[in-house]
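Novice: First the structure, which I've put down as structure tokens, then a few questions once you've had a look.
Please treat every number below as a calculation from the coordinates, not as lab data. Computed from a predicted model, the values in this text were never measured in an experiment. Positions of Cβ are generated from backbone atoms using ideal geometry, with glycine treated the same way; all protein chains shown enter the neighbour counts.
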Amino acid sequence: MTPPEVPPGFDAIMLQIGRLNYSWTNTESLLIHLIAGLAGTSKDTAVIIFLTLNTTRARIDLIERLSKMPGRDRAERQRILDVTRKMLGLSGLRNRYNHCIYSFDPDGGAPRTIQMRIADRRDAIKVGQTELLDDDVRAQIDGAIAQLHQLNAEIWAMIIERGYPA
């Protein structure tokens with residue numbers, strides 16, 4: 001049996017999701033510098049903390065809590081909370097395309113995702129929700145990539161302005 005041919009557009013959506021992942025990972029890695037600056041530690045120590053906290057949510061929780069400590073500059077706290085909330089806002093879309101199976105119609109239909117998540121209902125469960133990877137979804141992904149690039153620039157500006165370990 002020969003493998004099915006990849007339909008037109010499938011490679012393009014995979015490249016786009018790859019860009020989303022790259023943009024996300026590149027931006028999330030900047031949390032290392034926020035941890036170092038807020039905790040008053042070295043970048044090397046912050047890397048260990050970052051890698052020990054194995055979810056984005058845990059890393060952001062730590063950063064937000066450090067920013068809320070007594071004596072923290074109000075403007076610094078607000079900037080930190082602004083960037084972490086933006087990042088959390090983008091995490092849903094990123095997670096949707098990282099925790100799914102990609103499917104395509106060998107007869108040329110549009111690619112789809114199949115979510116790898118169980119949705120508990122009162123008396124049943126729902127699995128395998130699908131989503132068509134159409135132009136609207138592709139525009140959402142492009143928008144998220146642009147927002148991540150902006151967020152990356154905002155975090156770098158804060159790292160530089162605050163003198164956090166880089």
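Novice: Taking the Cβ of each residue in Thr45, Thr55, Thr113 as the centre, tally the other Cβ atoms inside 10 Å and list the residues starting with the fewest. Don't skip to the end; give the middle numbers.
Specialist: Numbers: Thr45 15, Thr55 9, Thr113 20.
Ranked by crowding around the Cβ, least crowded first: Thr55, Thr45, Thr113.
Novice: Going toward the positive end of the dipole of the chain, with +1 on Lys and Arg Cβ and -1 on Asp and Glu Cβ, which of Ile155, Thr130, Thr41 do you reach last?
Specialist: The Cα lying farthest towards the positive end belongs to Thr41.
Novice: Here's something else I'd like to know. Tell me, Leu148, Leu90 in order of fewest to most beta-carbon neighbours within 10 Å? It would help to have the intermediate numbers written out before the result.
Specialist: Numbers: Leu148 23, Leu90 20.
Ascending Cβ contact count within 10 Å gives the list Leu90, Leu148.
Novice: Quick check on the chain: helices-only [θ] at 222 nm, where DSSP H runs of length 4 and up contribute -39,500 (n - 2.57) each and the sum goes over total residues. Nearest 500, please.
Specialist: Numbers: 6 runs with 103 residues, N = 166.
It lands at -21000 deg cm²/dmol.
Novice: Neighbour counts of other C-beta atoms within 10 Å: give me Phe10, Phe50 arranged from fewest to most.
Specialist: Phe10, Phe50
Novice: Moving on. Please build a GNM for the chain, connecting alpha carbons under 10 Å apart, and tell me which residue among Ile35, Ile118, Ile17 fluctuates the most.
Specialist: Ile118
Novice: For Rg/Rh (Cα atoms, Kirkwood Rh), one of (1) 0.99; (2) 1.08; (3) 1.05 was computed from the structure I shared and the rest are decoys. Which label?
Specialist: Checked against the structure: label (2).
Novice: Please state the charge dipole magnitude for the chain, taken about the Cα centre, from unit charges on C-beta atoms (+1 on K and R, -1 on D and E), reported in debye and rounded to the nearest 20.
Specialist: 900
Novice: Once a ≥ b ≥ c are taken as the square roots of the eigenvalues of the Cα gyration tensor of segment 55-94, is the result rounded (a/c under 1.5), prolate (a/b larger than b/c) or oblate (a/b not larger than b/c)?
Specialist: Judged from the Cα gyration tensor, segment 55-94 comes out oblate (a/c at least 1.5, b/c at or above a/b).
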